[in-house]
Amino acid sequence: MIKKILVGIPPKNHINLAMDEVDGLCDLGYECDTITYTRNNSKLSKLNKLMGVFSNAFAIVKRLYKLKPELLYLNSRFEPVGTTRDFITIVLIRTLYWRKLHIAIKTHGSNISILIERSFFFETIVIPYLTRQVTLWFFLSHEEKDSIAKLAPKFAKKAYVTGNIIDPNRSMKSEAFMENYGLNDNRFKFFFAGRMIAEKGIFSIIRAIPDFIHKDNCVFIFAGNGEEYDEFKAEIEKLEIQKYVYLTGFLPEEECDHFYANTDALVFPTYFDEGFPMALFKSVASGLPVITTQTRAAIDHLKEPDNCLWVNGKEPASVAKALKQLYENDELREKMANNNHSLGLNFTKSKLTEQMHLDFLNATAKN
């Protein structure tokens, strides 16, 4: 029976998500402690990155000896860099920590290419080792689990599907909040939140605006920054749509969350390898109508037209058609809002951590 868990959490991204899980597990009677577990600064040299992985692993081993937990639960990603880090970390833990220990990993997004490309390193060394050493591996969609089952059946036996905790109470409707941004007007507010990269569909949104016949009654709010932020701003100027677009730049998560309760619809035409995109499911829990793409967890939980309108994230015309359909149909928006409020109840702290608890029991009983 698991009583103590050491949880590896990121230092800045989605801290609330990780700590919500910790709180939920504590509510179920677990004793939890946390330690930083994260990818290194991308600007560091390969040697310094490797040294960072070793340093982090040694810190985890030290904490394991102090806490003596039955389970180590790491937040990570299933892709070449993240999985290599997990492999090195677990090799060091198994070498230096001699007490019995179950290991669980939750992957926030994945790149199945490490199984498809049949690399000797991953196929012969990394995946077989992790299959033996990891008790359970949480993925965020059935698409990911099913893909793994086809490519690595033994590894797939350790795979479970979970979600992320969403607390809609972190998003509060407030005229003062919108006034602070100069957005307290009657325009219809389409919202996007996330990294400013093409794969998130941001260019398809702005390229759809010139052909959107109701644009004069709307504003498109983009929250976030990223590698292609400057190119994105330049494209807005090239299209001459500045008056229809509002850019917040980077916002702390606690600040950004309030936009979900103060906007009218989410536009999220991502074609990135999303697992369980928080912007999408925060919108769902806040009762926003949604325009998005058929990716991973979205396929698991959303239906058209009950919860969303599906689009092709690479085609501005597809996005423009959905913008028009959603804007013109009050009844559709109201239906989506009600359905999404109800759907959001599936992602409460109590519901998701109770399922995690059952998965822990199931997986550890097999090992």
Which of (1) among the hydrophobic types (A, V, I, L, M, F, W, C); (2) farther than 29 Å from Asp257 by Cα; (3) touching a residue at least 24 places away in the same chain (Cβ under 8 Å); (4) not in a helix (DSSP H, G or I) does Leu44 not meet, given it meets every other one?
(3)
For region 206-214, indicate whether the set of residues that are crowded, with 20+ Cβ neighbours inside 10 Å, out of contact with any strand residue (DSSP E or B) (no Cβ under 8 Å at 6 or more places or on another chain) and assigned to a loop (DSSP other than H, G, I, E, B) is non-empty.
no
Return the residues of region 301-333 that are under 13 Å from Asp211 (Cα atoms), in contact (Cβ under 8 Å) with a residue 40 or more places away in the chain and open to solvent by 50 Å² or more (accessible area, probe 1.4 Å); say none if nothing qualifies.
Glu315, Ala317, Lys324
Looking at (1) open to solvent by 60 Å² or more (accessible area, probe 1.4 Å); (2) out of contact with any Lys or Arg (no Cβ under 9 Å at 6 or more places or on another chain); (3) closer than 18 Å to Ile2 by Cα; (4) in contact (Cβ under 8 Å) with a residue 12 or more places away in the chain, can you tell me which one Lys68 breaks?
(2)
Name the residue that is nearest to Val311 (Cα to Cα), counting only residues in region 215-234 that are part of a helix (DSSP H, G or I) and open to solvent by 30 Å² or more (accessible area, probe 1.4 Å).
Lys215
Here's a check for you: in region 96-121, which residue that is assigned to a strand (DSSP E or B) and in contact (Cβ under 8 Å) with a residue 40 or more places away in the chain is most open to solvent (accessible area, probe 1.4 Å)?
His108
Among residues of region 122-142 being more than 26 Å from Leu358 (Cβ to Cβ) and of a type outside the set (Val, Ile, Thr), the residue most open to solvent (accessible area, probe 1.4 Å) is Glu123
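The values are calculated or read from the model by the stated rules, or taken from the named source; none is laboratory data. Everything numeric in this text was worked out from a predicted model, so none of it was measured. As a convention, Cβ positions derive from the backbone with ideal geometry for all residues, glycine included, and neighbour counts pool all protein chains shown. Accessible surface areas use protein heavy atoms only, side chains included; no ligands, DNA or RNA. Shrake-Rupley method; radii C 1.70, N 1.55, O 1.52, S 1.80 Å.
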